[in-house]
């Protein structure tokens, strides 16, 4: 799906109406939806075209956004490690 955003010409010129502006808008949209819980990490990765989760992690960290990781996630991983004897 392609989406067209109407931006006044003078604002588009000031912002630099290039593919860079379209990419910045896509990234901002994706990050906002991820932070709002309406998009998963996997969906965000696919939206932005990252091959790996590592790339997504770096992208988010550069913007001060950290992956959703709860205490419940930590406990679940700890239980798994305990069962495996690690």
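The values are calculated or read from the model by the stated rules, or taken from the named source; none is laboratory data. The structure presented is a predicted model; accordingly, all values stated were derived computationally and were not measured. Backbone-built Cβ (ideal geometry, glycine too); neighbour counts: all protein chains shown.
Residue-wise test of (1) within 18 Å of residue 1 (Cβ to Cβ); (2) more than 11 Å from the chain's Cα centre (by Cα); (3) modelled with pLDDT of 90 or more.
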| site | (1), (2), (3) |
| --- | --- |
| 22 | yes, yes, no |
| 28 | yes, no, yes |
| 46 | yes, no, yes |
| 51 | no, yes, yes |
| 55 | no, no, yes |
| 65 | no, no, yes |
| 69 | no, yes, no |
| 73 | no, yes, no |
Those helices (runs of 4 or more DSSP H) completely within the chain that have 2 or more residues that are surrounded by fewer than 11 Cβ atoms within 10 Å (Cβ to Cβ) are 9-15, 19-35, 53-62, 71-84
